[in-house]
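Below is one structure, written out as structure tokens; comments come after it.
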Amino acid sequence: MSNMAIEQTQLDRHLFTLEEFERLVEAGGFDEHARIELIRGEILDMAATGIRHEACVARLSMLLAKNAGGKAVVWSHNSIRLPNNSRPEPDVALLKWRDDYYETKPPTPEDVLLLIEVADTSIGFDRTVKRPLYAEAGIGEYWIVNLQENVVEVYTGASGGGYQNARQAKPGDTLALPGGLGSITVGDILGSK
């Protein structure tokens, strides 16, 4: 591809603000089953998921709901509004409790206790795009359930566009949930593979 074609491709791009994107969604501008996210103003297709990914999300949702018990909202495959023209849909989020379940005001970083992405084929994207995106927004704790390596990557201490602390938790390890909501084991998250 020539430099002229590359430059033209870059010129043809249109970035969306969060408000423009949400107006398109509300107006029915996308198929209701479309798996898309707004990341830094770009509308991106989400990675397809396999059965192991789906089962892991179901397990996480159940484990978190059991621990949250009316003290936090488990938010699965729903969007979070971020200040950098982004509206990702993490696999699971644990949000501060609100009686209206965020119906009257969508969740923002201040509402997030924990964001979790379950990654198989999307591991690179979740590390290189979503991790800095969440850190820049001030999300205090971010987990990547890495199905390829059977570990949970735990990131805490958002600062300066990155996380100050990173560790891997393996089957047999226990992870404390933020907000004093108890703990869950890595083995329970990963299942019986």
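Could you tell me which of the residues I51, I43, I39 is among the β-branched types (V, I, T) and within 13 Å of the chain's Cα centre (by Cα)? Quick ask: steps written out before the conclusion?
Working: I51 fails: within 13 Å of the chain's Cα centre (by Cα); I43 fails: within 13 Å of the chain's Cα centre (by Cα).
The match here is I39.
Specify which of the listed residues (L147, L114, L177) is touching a Pro at 6+ places or on another chain (Cβ under 8 Å), surrounded by 15 or more Cβ atoms within 10 Å (Cβ to Cβ) and modelled with pLDDT of 95 or more.
L114
Looking only at the range 102-116, decide whether some residue is under 21 Å from M62 (Cα atoms), touching a Cys at 6+ places or on another chain (Cβ under 9 Å) and of a type outside the set (S, T, N, Q).
Taking the range 102-116 as the starting set, the residues that turn out to be under 21 Å from M62 (Cα atoms) are 102, 107, 111-116.
Still in the list and also touching a Cys at 6+ places or on another chain (Cβ under 9 Å): none.
There is no residue in the range 102-116 that is under 21 Å from M62 (Cα atoms), touching a Cys at 6+ places or on another chain (Cβ under 9 Å) and of a type outside the set (S, T, N, Q).
Out of the residues in the range 92-105 that are under 15 Å from the mean Cα position of the chain (by Cα) and not small (G, A, S), state the one that is farthest from V186 (Cα to Cα). Lay out the reasoning, then the answer.
Of all residues in the range 92-105, those under 15 Å from the mean Cα position of the chain (by Cα) come to 92-95.
Narrowing the set further to residues that are not small (G, A, S) leaves 92, 94-95.
Numbers: V92: 15, L94: 17, L95: 20 Å.
The residue in question is L95.
Identify all residues within the range 141-185 that are more than 22 Å from P109 (Cα to Cα), among the hydrophobic types (A, V, I, L, M, F, W, C) and more than 18 Å from the chain's Cα centre (by Cα); write none if there are none.
A169, I184
Name, by its number, the condition in (1) over 19 Å from S76 (Cβ atoms); (2) touching a strand residue (DSSP E or B) at 6+ places or on another chain (Cβ under 9 Å) that does not hold for K130.
All conditions pass for K130, except number (1).
Can you tell me how many residues in the range 54-83 are over 13 Å from the mean Cα position of the chain (by Cα) and outside any helix (DSSP H, G or I)?
Number of matching residues: 6.
Six or more apart or on different chains, Cβ atoms under 7 Å: show the pairs whose first residue is in the range 41-52 and closer than 22 Å to L18 by Cβ and whose second is modelled with pLDDT under 80 and of a type in the set (V, I, T).
I43/I36; L44/I36; D45/I36; M46/I36
Can you pull out every residue in the range 86-96 that is surrounded by fewer than 18 Cβ atoms within 10 Å (Cβ to Cβ) and touching a helix residue (DSSP H, G or I) at 6+ places or on another chain (Cβ under 9 Å)? Step through it out loud before you land on a result.
Keep residues of the range 86-96 that are surrounded by fewer than 18 Cβ atoms within 10 Å (Cβ to Cβ), which gives 89, 96.
Result: K96, single match.
From the list A119, A47, exactly one residue is surrounded by fewer than 17 Cβ atoms within 10 Å (Cβ to Cβ), touching a helix residue (DSSP H, G or I) at 6+ places or on another chain (Cβ under 9 Å) and under 25 Å from R167 (Cβ atoms). Which is it?
Every option except A47 fails the conditions.
Looking at the structure I just gave you, is E110 within 17 Å of E136 (Cβ to Cβ) and either of a type outside the set (V, I, T) or out of contact with any Ser or Thr (no Cβ under 7 Å at 6 or more places or on another chain) (or both)?
Numbers: within 17 Å of E136 (Cβ to Cβ): yes; either of a type outside the set (V, I, T) or out of contact with any Ser or Thr (no Cβ under 7 Å at 6 or more places or on another chain) (or both): yes.
Yes, satisfied.
In this structure, is F30 modelled with pLDDT of 80 or more, surrounded by 11 or more Cβ atoms within 10 Å (Cβ to Cβ), outside any strand (DSSP E or B) and not aliphatic (A, V, I, L, M)?
On the way: modelled with pLDDT of 80 or more: no; surrounded by 11 or more Cβ atoms within 10 Å (Cβ to Cβ): yes; outside any strand (DSSP E or B): yes; not aliphatic (A, V, I, L, M): yes.
No, not satisfied.
Output the residues belonging to the range 106-122 that are within 24 Å of G50 (Cβ to Cβ) and under 12 Å from the mean Cα position of the chain (by Cα).
Selection gives L114, L115, I116, E117, V118, A119, S122.
Among the residues of the range 86-102, are any outside any strand (DSSP E or B), closer than 22 Å to S183 by Cα, free of Cβ contacts under 8 Å to residues at least 12 places away in the same chain and not β-branched (V, I, T)? Steps first, please.
The first filter runs over the range 86-102 and keeps only residues outside any strand (DSSP E or B), leaving 88-91, 97-102.
Filter once more, keeping what is closer than 22 Å to S183 by Cα: 90-91, 97-98.
Right, trim to free of Cβ contacts under 8 Å to residues at least 12 places away in the same chain and you get none.
Within the range 86-102, not a single residue is outside any strand (DSSP E or B), closer than 22 Å to S183 by Cα, free of Cβ contacts under 8 Å to residues at least 12 places away in the same chain and not β-branched (V, I, T).
The values are calculated or read from the model by the stated rules, or taken from the named source; none is laboratory data. Bear in mind the structure is a predicted one, so any value in this text is a computation, not a measurement. Because the Cβ atoms are built from the backbone with ideal geometry, glycine has one as well, and the counts that use them run over all protein chains shown.
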